[in-house]
1. Just round it to a whole percent: the fraction of Cα-Cα distances in the range 8-133 exceeding 18 Å.
2. Between ILE212 and residues 5 or more places away or on another chain, which pairs have amide H atoms under 5 Å apart, with H built 1.01 Å from N, and which residues are they?
3. Pairs of alpha-carbon atoms within less than 8 angstrom and 6+ residues apart define the contacts here; what relative contact order does the range 162-201 have, in percent?
4. Give me the distance in nm between label points sitting 7 Å out from Cα along the Cα-to-Cβ direction at GLU319 and VAL260, one decimal.
5. Can you list the HN-Hα couplings for the range 316-327, worked out from phi with the Karplus curve (6.51, -1.76, 1.60; θ = phi - 60°), rounded to whole Hz and with x for Gly and Pro?
6. Considering the options ALA269, VAL234, PHE258, tell which one lies farthest towards the positive end of the dipole of the range 158-282, charges being +1 on Lys and Arg and -1 on Asp and Glu at the Cβ, about the Cα centre.
7. Net charge near GLY56, counting Lys/Arg +1 and Asp/Glu -1 over other residues with Cβ under 14 Å of its Cβ?
8. Full-extension gain between CYS91 and GLU300, please, as 0.36 nm times their residue separation minus the C-alpha to C-alpha distance.
Amino acid sequence: MKAAVFENVGVWGVKEVPKPEIKKPDQVLIEVEACSICGTDVHITADPPGYIATEGTVLGHEFCGIIREKGERVDQLEIGDRVVVNPNNYCGKCVYCRKNLPNQCENIEALGIDYDGAFARYCVVSDKVAYKISNEVDASVAACAEPLACAVNGLNKVDIKPSDSAVVIGAGPIGLIIAMLLKKSGISRLFILETAPYRMEFTKGLNLGQVINPIEENAAEKIYKETEIGADYVFDVTGSQIAASMELVRKDGTIVLFGVNKQARKEIAQCEITTKEVRVLGTWLANATFPQAVKILEEEVIDMKSLITDTYPLEEIKEGMEKLRKGQAVKVIIKP
Ligand SMILES: [Zn+2]
Ligand SMILES: [Zn+2]
């Protein structure tokens with residue numbers, strides 16, 4: 001079968017690989033319907049890479065598909081079931097798994113990064129990370145279950161009340177999913193900070209709230225003018241804006257740090273957290289939030305389809321990746 005394989009730094013592409021086989025009794029073989037390109041894929045294929053993947057691995061970790069074969073110990077899923085997959089396979093045995101924190105598993109393995117993923121016709125995963133989803137959901141929408149499950153994990157850490165205000169820094173797919181969920185949760189006033197022209201225009205079209213370019217405008221002045229005291233919540237989805245978040249959040253407000261930027265080293269005055277009584281929360285991957293994500297998609301709680309800007313066949317994945325790299329797309333779907 002054809003698959004998009006990461007070879008080594010800066011070298012990757014579609015090539016012929018053997019069809020994967022079920023090797024353990026708890027595994028299922030999935031025929032991939034749709035697989036979304038994640039920002040992580042853009043980082044992996046960059047030179048120098050912003051994220052490290054295992055050489056020779058089939059990329060792709062946000063997907064949905066149909067179970068075509070199953071191991072003898074798979075009892076909750078049937079051949080023909082449509083599933084979405086948590087790409088972060090956990091061991092179920094380590095101290096964090098036993099604390100019901102599979103996202104912090106000490107033996108975590110990432111599909112499409114550490115082992116073969118879903119930019120391919122077929123993919124094999126453990127049954128414990130596959131979740132049934134209705135056939136009614138559009139395949140491209142179902143492929144976005146993983147970023148949604150991660151966003152839900154962040155939202156579950158806070159207690160949004162109607163009339164609360166929030167700032168989302170970064171209007172990439174995750175930032176926009178968070179913004180949509182915040183609106184549904186009762187946020188009355190929402191500000192979205194973004195500097196890329198394409199994404200600014202795209203976000204304005206979604207009508208979620210005020211879109212501010214913090215380079216061209218004084219975001220703090222605008223937000224304080226409307227909220228008087230600063231925002232109740234600030235979500236930094238860029239991984240580097242803790243200092244800006246501290247400025248925008250109100251006293252006794254909450255900052256949620258979502259994005260990962262391993263290079264970011266921001267200087268902040270610790271006493272501001274103390275005296276403003278700010279809560280700073282980190283959120284990482286999806287933590288038992290796939291069932292919630294599946295429900296949100298099945299019941300169309302948010303309009304995930306509005307975030308899908310491009311669809312390509314597997315053979316043209318490089319075009320999709322380049323569009324994302326240039327910031328000229330939001331969600332790009334690959335149909336193998
Ligand atoms: Zn991802
Ligand atoms: Zn574990």
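Readers should treat all values here as calculations from the given coordinates under stated rules, not as data from a laboratory. Since the model is a prediction, treat every value here as computed from it, not as a measurement. Backbone-built Cβ (ideal geometry, glycine too); neighbour counts: all protein chains shown.
1. Working: 4238 of 7875 pairs.
Result: 54 percent of Cα pairs exceed 18 Å.
2. ILE192, LEU193, GLU194
3. Numbers: 49 pairs, mean separation 21.4, N = 40.
Relative contact order, the range 162-201: 53 percent.
4. 3.1 nm
5. Whole-Hz 3J(HN,Hα) from phi for the range 316-327: 10, 4, 4, 5, x, 5, 5, 4, 5, 4, 7, x.
6. Toward the positive end, the furthest listed residue is PHE258.
7. Working: positive: LYS15; negative: GLU7, GLU16, GLU55, ASP114, ASP116.
Its environment carries a net charge of -4.
8. Numbers: separation 209, 0.36 × 209 = 75.24 nm, distance 3.18 nm.
Net length gain for the segment: 72.1 nm.
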